[in-house]
Every structure is written in C-alpha cells, then in structure tokens.
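To start, the structure itself, in structure tokens.
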Amino acid sequence: MLTSEQKEAVRYDDNLMLTACPGSGKTRVIVSKLARVVDSVRETPRFVGCITYTNAAVNEIEARLRRHIHPGDEVYYDVCTIHSFCLNHIFRNFSHLINGYKNGFKVLTPDNDEFRKHVDAVWETFGKTNLTSKDYEEFTQLRINSSGDPVGSAIEQGSLTKEIAKQFWARIRKAGFVDFSNIIYYSLVLLQKRPEILDCVASKFAWILVDEFQDTTDIQVDLLSLIADKGRTKFLLVGDPYQSIFRFAGSKPELAVDFAVHIGARTDLQLSGNFRSSSPILEHAEKIFQRTPPMKALGPSKEFTEEPEWRYGQSAFEVIEDFFLPALEGLDIRYGESAILAPSWFSLFPIGKKLRNYGISVVGPGARPYRKAWLIAPLAEQICGYLMGPNPDIITGIERTLFNTILNTTGRTEFNIFSYQGRVLVFRLLAEAQKLRVTHESAVDWLNAAANIFSQVLIDHDYLVESEGYLLSMSVNGMIADMVKNKVDIANLSISDFGVYASPDQALKLSTIHNAKGREFDAVAIVDLHEGKMPSYYDRTAEDVAEKKRLFYVGLTRAKRYLLYITDRTGRDGPSRFLAKGGLDIGITQ
C-alpha cells in the first residue's frame, strides 16, 4: 500500500522533483511510477528510462519491478546507471562518429589489467615508477566537465594534473578503449553536435526517472537538459538535498534545483514518512537537520525505544568487542542485519581482519582474503552464493558477472548473455558447480575444478576460444596465493566462505558511509567520529564541512533500531563537532 504522499507522486502526470526523506519508500514510488508509465508506452515505439546511482540500486529496482509488470514488458524500459544509459542509448550506437572509435571500442574498467598497464605507461612518461594503489585509484576518480576539461578530487587534492589526465585519455583512446567519464562526455558531445542523434534519443524516451538526483553533476544536467528541451520527454526526479554526499564526484545539490526550474517541474511534494528507523533515531536525525515537516516513524521500527549511544574506548575494535557485539546478542539482532560504518575505508581494514580472526563472517574491507580483481573470483562467489541457497535474484547477478568476466577476458561485449541463450549457459554452469560440490569437499579443490569446467563450458558456448581457456585457472592460483599470504586456513575453507559475498545474509557488513547510501540495517555502529576525520583535516571551507555534516546524517539514518557512535584514543582533537555541543550534544557513555 502506498501512502497518500506516495500516491500523489506516482499519479502526478508531469515533470516532478520529489523530495524524499531517508527511509521514505522512494524506491517503492519509483517502481510504482515505472510500472505506471510502462503501461502508457506498451505497444508503442516509445521507451522509459530509469537512471539510478549504483548497480546495486539497479538490481533492487529491477527485482521489485518484475513483480509488477506484464511478461515481455522489459522491452519498454531500461533501469541503469548514468554510464549505462549513455553507453547503451547514445555512445554505443554512434561511437563511429568519434575519432578513435571508428572501428569500435572496449570499455576500460579499473579491474581490467589493461587499465593498470596504461596507468603505468603514463606515469612512466612523467618519471614515476613503483606505483602504489593510490596512484591507480586516482585515475578512477578522474572526471570531465561539460567543456571537456579534466576535473575531480584527484586533480584538486591528489597528485594528478590536467596534462597527465589528458595524456591518459589520449593513450587509451588510441588503444580503442573508453572509460566511464568519457562515455558520458562523448555522449554529451554527440547530442550537442548531431541534432539528428538528439532527435532520436528524445523521441525514444517518453519518460526518464532519475533516482538520487541530488547527486547529479553538471555534465549530466547538461545532457538531460538537451533531451528535455525537445519537449518530448517527461521527468520524475527523486532526491534529498540533505543526503548529497558525492561532491568529490562532481555533484552539487543546487544543480538539481536549477534543472527542476529549467523544465518547469513541480517541487512542493515531499515524502516525510520514515519506514526505516525508530523514533529515538529520528530524533537524532532531526537534531542534525530539522525537516519541514519533520520525519515521522511509520514502519515496524516505530515500536523500538533503544536510545542511540556514544561510547569511547582505547580502540574502535575494543568498543565493538565490548559494546556493539554484546548489544547485538542482547537485542537478538543477527550479524547479517548489522553494519559498521566509517568515513573512509582506512580504519575498516584492521577491524575487518580482527572480526574475521574473531570467527565472525564479515563482508567489506578486510573481509575478502583475496583480491576481487582475480578473474574467477566474482563468478565463483555468485555461483557459490546460489549453491548456498537458490535465489532468483542471484541468477541476474550471475548473468552480469558472466558479462563482465567475458569482457575482461576477451574485450568482447556479449550482450546475448542476457538472452535465453545466456540463461541456458547460467544453468549449465550451476549444474556443473553442483556436481563438483558433491565430489570435492575442499573449497579450494572445488575452485580449481570449477575453473577448468567453467572454461570448457564457455568454450562450448563460443564465448571463449581454446587459447583463452587457461585464464580462469591462472586466476585461481592468484586467489590461493593471496589467501596463503593472508594466513587463511585454506584446508578448511567451505563453499559458503566464497558464497557469503554474493549472499551475505549471515555476514556483518563493513562499509564506508558513502557505500552504505541507500542501505538499511537493524543495528549500526559508526567509527572515526573525531575532529580531523569527521569533518576531516582537508575540509577547510564551509561547503566542505556542510557536506561532512550530510555524510554524518546519512550514516545515522541507516539504522533501524540500534545506533552506536564510537570514538577512541586515536581522536587527538576530540570528538566530532556533530556529536559534541552544537551537534547532537550528547555525553559519552563510559
């Protein structure tokens, strides 16, 4: 059942910018609206686009939507990220018009070995060798603005320069690669310089729904504005300015307002009912940002009365061990329904390793004892997850993983993976995996055998050639070497130790607050709540601090029932201003 606020948003039949508080059921609104507008385009040449921020959100919306649409309706909509939207509806069809891509292209992702090779080569021309993980990561943070200039935190605060960025992009273009930032930029250029392409795209989309619109960027707004100006497409924009936390990626909350004004969108509708959190947690949220109207607890959590706590210890793990884990046991909250959040990955790695040594299954940094970049790893995790407990949603994950595995192995984009032919392949792999599970008790033995069988199946289905068949087995060797290095008892590994990453219902989650956006947990502990970390020493302007306040707000509103703020002796400058006087103004519980 939809609330009256939700119904009004779904039924409004023109441009709308909907403000949605945390836990307000915005995904339900998006799915309901998507199902409604698909009805209006069925058996017509028109189409509906739904753009959301992450692949996880894509999967969630698709899974829910399948319960509300008619068989065959999938040809009338596309749920995707902005990169996939541009790739599949603009760039892929017209890339031959761009210099360097006349003979096709390959998407360069950070987990592709070619990515590291090109980064190495560019740095070498600037006299830098012996690269660290940070040197590679900075290239993943590069963006292009609407004018074609390199921008991003890696340039503003890191070691990259515009010259280095331009040389990197020129190099990968010459090699026939395109990265995510260039996919969006070249799509914008195609719409700007080719009126016939813009006409084609605008005529195709009857509606475009955009989730998390508060985190849109200038280049995305320019691209959507070109489509909107044709007057053939209506928009539903869903977001919350208090949850805009991706300024390092180019997002600015004011861009959403400007675009809404540009298209004449209605802006007075709000979702104020919170179906996620208890009233005590919402009281804390309202102290950080007072909303009008204020959030009201409407879901099952409204019955919970546990007050959020602030605890201090010698280390974050000590507080987790002494207070968070006992609280979960006392409240009968499963590990799989709990999360430890932090402003950055840095402090989560040691916590993850200690929890794993403590015998607790964890998902997040410090959890995986091998690099996910190994070719076989994502596929093995998804298939083991299905073996642990058949789940239709994992089938979709296996399809996506197969697509990426083949792309990373061969450089070929095999979209028929998402067809009936691909589904047949998936179930053949699952059948072979189940047979191997019966004959191989050791998970490592299973992994070695699976790599060989999976390779042969992919060769039989013409996705690999014989000369590529050894690559999955090679990646198994890399995984085993990583696990030995991390002192994992590989003799006693089980299938579930791999599958937990695809079906993590039993594992405690470790995540940055950024990555937890859109998620919810029965219990949440937030670490590193110190001045110098939240906000950080790098946050020097009022705008910087305001965004960190929004980040803190996002973190605390992930919790349904139990919320623990953690500080420790590493906080030399004291607790975060968001906890102390002027913020929540609560005292430490010793």
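The values are calculated or read from the model by the stated rules, or taken from the named source; none is laboratory data. Source: prediction; values computed, not measured. Cβ atoms come from the backbone with ideal geometry, glycine included; neighbour counts cover every protein chain shown. Just so you know, the surface numbers come from the protein's heavy atoms only, side chains and all, with ligands and any DNA or RNA stripped out. Shrake-Rupley method; radii C 1.70, N 1.55, O 1.52, S 1.80 Å.
May I ask you to verify whether I245 is of a type in the set (A, V, I, L, M, F, W, C), at pLDDT 95 or above and under 30 Å from G158 (Cα atoms)? Considered against the rule, which asks whether it is of a type in the set (A, V, I, L, M, F, W, C), at pLDDT 95 or above and under 30 Å from G158 (Cα atoms), I245 comes out as no.
Go through the stretch 363-380 and count every residue that is open to solvent by less than 60 Å² (accessible area, probe 1.4 Å) and modelled with pLDDT under 85.
Going through the stretch 363-380, the residues open to solvent by less than 60 Å² (accessible area, probe 1.4 Å) turn out to be 363-367, 369-370, 375-380.
With modelled with pLDDT under 85 added as a condition, the list becomes 363-367, 369-370.
Residues in the stretch 363-380 being open to solvent by less than 60 Å² (accessible area, probe 1.4 Å) and modelled with pLDDT under 85: 7 in total.
Identify the residue in the stretch 572-590 that is under 18 Å from E318 (Cβ atoms) and surrounded by fewer than 19 Cβ atoms within 10 Å (Cβ to Cβ) and, among all such residues, is modelled with the lowest pLDDT. My answer is Q590. Checked against (1) outside any helix (DSSP H, G or I); (2) open to solvent by 10 Å² or more (accessible area, probe 1.4 Å), Y463 passes all but condition (2). Counting the residues of the stretch 532-567 that are among the small types (G, A, S) and within 13 Å of I245 (Cα to Cα) gives 2. Hey, does the stretch 177-195 have a residue that's in a loop (DSSP other than H, G, I, E, B), touching a Phe, Trp or Tyr at 6+ places or on another chain (Cβ under 9 Å), at pLDDT below 95 and acidic (D, E)? Yes, there is a match, as at least one residue in the stretch 177-195 is in a loop (DSSP other than H, G, I, E, B), touching a Phe, Trp or Tyr at 6+ places or on another chain (Cβ under 9 Å), at pLDDT below 95 and acidic (D, E). The set of residues from the stretch 200-213 being within 16 Å of A9 (Cβ to Cβ) and either among the polar types (S, T, N, Q) or surrounded by 24 or more Cβ atoms within 10 Å (Cβ to Cβ) (or both) comprises L209, V210, D211, E212, F213. Of all the criteria given as (1) free of Cβ contacts under 8 Å to residues at least 40 places away in the same chain; (2) in a helix (DSSP H, G or I); (3) over 22 Å from K372 (Cβ atoms), the one not satisfied by E399 is (3).
Does the stretch 417-435 contain at least one residue that is crowded, with 18+ Cβ neighbours inside 10 Å and closer than 21 Å to R92 by Cβ? Yes, the stretch 417-435 contains a residue that is crowded, with 18+ Cβ neighbours inside 10 Å and closer than 21 Å to R92 by Cβ.
Restricting to the stretch 329-361, and then to whatever is of a type in the set (F, W, Y) and assigned to a helix (DSSP H, G or I), can you tell me which residue is nearest to I566 (Cα to Cα)? Show your work before the answer.
Filtering the stretch 329-361 down to residues of a type in the set (F, W, Y) leaves 335, 345-346, 349, 358.
Subsequent filtering for residues that are assigned to a helix (DSSP H, G or I) retains 335, 349.
Working: Y335: 18, F349: 16 Å.
Selected residue: F349.
Highlighted here are the helices (runs of 4 or more DSSP H) found entirely within the stretch 66-174 that include at least 2 residues which are in contact with a His (Cβ under 9 Å, 6 or more places away or on another chain), within 30 Å of I197 (Cα to Cα) and open to solvent by less than 40 Å² (accessible area, probe 1.4 Å): 162-174.
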